[in-house]
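Asks: If you scroll down you'll find the structure; I have some questions about it.
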Amino acid sequence: MSTDFKIVEDKNKIFKIEFSYPNIVLINSLIKTRLIKGGTTTSDYKILKFKADSVKTFHQFQEENEKKIGKKNLRIEDIAQLISSLSVQLNYLISQESHTIIGYNHENIIVINDTTFIFFCSELISKVEDDMALISYPFSKEDFYVSPELLNLNELPSYVHYKTGYFSLGCLILYALLTDNDFYNKYLKEESNEINIETILNLHPIKNTKLYWLLSRCLIKDPKERSILLI
């Protein structure tokens, strides 16, 4: 998906995010949840300002992680922060703004102060009515991690369950954990889109941990049954 914002930093560690057009819902999901503390916005919701020690792309965060520990894989504590931050943002959008995120991609994630992971792509935020999200524009499998129900759409506009993004978030977490898209690529090749998550997770030391079961719940084929609780 296209990038509809740019980030500017001044010498006092004040960051300014300038959007191409108003982003009320997205900005609210950052300020009102305090994911961005002390953030302010202009009256037209086209500029977001806040103070931070650092603002990085997900890729930059991975590269620094590789320099520190010798691998791009996020540490479990970073994975926990990723899940916590993105869950707070998504839950706010659903419960307070009647919107949802239909898909995630690591290229749409920004990391603030090395602890807070934030989704930034207004094109992938969709309005929710009666538990259904409207899909009104075309997308490709490369734009974001596409859920089974989105993959099977044959016309636009269409509606899908608002938890469609939970599957995509699970794929993002897997990517952060394993630093590859092996699961996603295999899933795309399956004609029936059968989810063989256990086979992949069983090869990793997280087997039978809280993270293992969270991923299993995110990647359920039926969107109504998905959840993102780390319990």
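Here, each number is a calculation from the coordinates, and none is a lab measurement. These figures come from a predicted structure and were not determined experimentally. Glycine gets a Cβ as well: all are built from the backbone with ideal geometry, and neighbour counts include every protein chain shown.
Asks: What number do you get for the chain when its Cα radius of gyration is normalised by 2.2 N^0.38 Å, N = residues? It would help to have the intermediate numbers written out before the result.
Replies: Numbers: Rg = 17.4 Å, N = 231, 2.2 N^0.38 = 17.4 Å.
Normalised Cα radius of gyration, the chain: 1.00.
Asks: Expected output is a single nm value to one decimal: the length gained when fully extending between Lys37 and Ser20, i.e. 0.36 nm times separation in residues minus the C-alpha distance. What is it? The partial results should precede the final answer.
Replies: Details: separation 17, 0.36 × 17 = 6.12 nm, distance 2.27 nm.
Using 0.36 nm per residue and subtracting the Cα-Cα distance, I get 3.8 nm.
Asks: Could you tell me the center-to-center distance, by alpha carbons, between the stretch 109-166 and the stretch 201-231 in angstrom?
Replies: What the calculation gives is 19 Å, centre to centre.
Asks: Moving on to the next point. Separation between the Asn208 and Met132 pseudo-spin-labels, each 7 Å from Cα along Cα→Cβ, expressed in nm?
Replies: 4.3
Asks: Based on the alpha-carbon gyration tensor of the stretch 122-171 and its eigenvalue square roots a ≥ b ≥ c, which shape applies: rounded if a/c is under 1.5, prolate if not and a/b is larger than b/c, or oblate? Display every interim value, and only then the final one.
Replies: Working: a/c = 1.44, a/b = 1.15, b/c = 1.25.
Rounded.
Asks: Per DSSP H run of at least 4 residues, take -39500 (n - 2.57); add these up for the chain, divide by its residues and hand me the 222 nm value, nearest 500 deg cm²/dmol. Display every interim value, and only then the final one.
Replies: Details: 8 runs with 83 residues, N = 231.
Computed mean residue ellipticity for the chain: -10500 deg cm²/dmol.
Asks: Also, quick follow-up: Using +1 on the beta carbon of Lys and Arg, -1 on that of Asp and Glu, and nothing else charged, what's the dipole of the chain about the Cα centre, debye to 20? Before the final figure, lay out each step's value.
Replies: On the way: 27 positive and 30 negative charges, 191 e Å.
Computed about the Cα centre, the dipole is about 920 debye.
Asks: Which of Ile112, His161, Leu219 sits farthest toward the positive end of the charge dipole of the stretch 54-225, with +1 on the Cβ of Lys and Arg and -1 on the Cβ of Asp and Glu?
Replies: Ile112
Asks: Another one. For the stretch 78-92, just list the computed ³J(HN,Hα) in residue order, Karplus coefficients 6.51, -1.76 and 1.60, θ = phi - 60°, integers in Hz, with x standing in for Gly and Pro.
Replies: Working through the residues one at a time gives 6, 4, 4, 5, 4, 5, 4, 4, 5, 5, 4, 4, 5, 5, 5 Hz.
Asks: How long is the gain from Gln60 to Val8 if the chain were fully straight, where each residue apart is worth 0.36 nm and the alpha carbon distance is subtracted? Don't skip to the end; give the middle numbers.
Replies: Values: separation 52, 0.36 × 52 = 18.72 nm, distance 1.62 nm.
Fully extending the segment from Gln60 to Val8 adds 17.1 nm.
Asks: Would you mind calculating the relative contact order of the chain from Cα pairs under 8 angstrom and at least 6 residues apart, reporting the percent as a whole number? All intermediate terms of the calculation are to be shown ahead of the outcome.
Replies: Values: 358 pairs, mean separation 36.3, N = 231.
The normalised contact order for the chain reaches 16 percent.
Asks: Okay, next question. Sum up the charges of everything whose Cβ sits under 10 Å from the Cβ of Ile14, counting Lys and Arg as +1 and Asp and Glu as -1, but leave Ile14 out.
Replies: Values: positive: Lys11, Lys13, Lys16, Lys49, Lys51; negative: Glu9, Asp10.
With Lys, Arg at +1 and Asp, Glu at -1, the neighbours total +3.
Asks: How high is the relative contact order of the stretch 98-226, given as a whole-number percent (alpha carbon pairs under 8 Å, six or more residues apart)? Each step should come with its number before you reach the end.
Replies: On the way: 165 pairs, mean separation 30.9, N = 129.
Computed over the stretch 98-226, the figure is 24 percent.
Asks: Please give, to one decimal in nm, the separation of the simple spin-label points placed at Asn152 and Asp182, each 7 Å out from Cα toward the Cβ.
Replies: In this crude spin-label approximation the distance works out to 2.7 nm.
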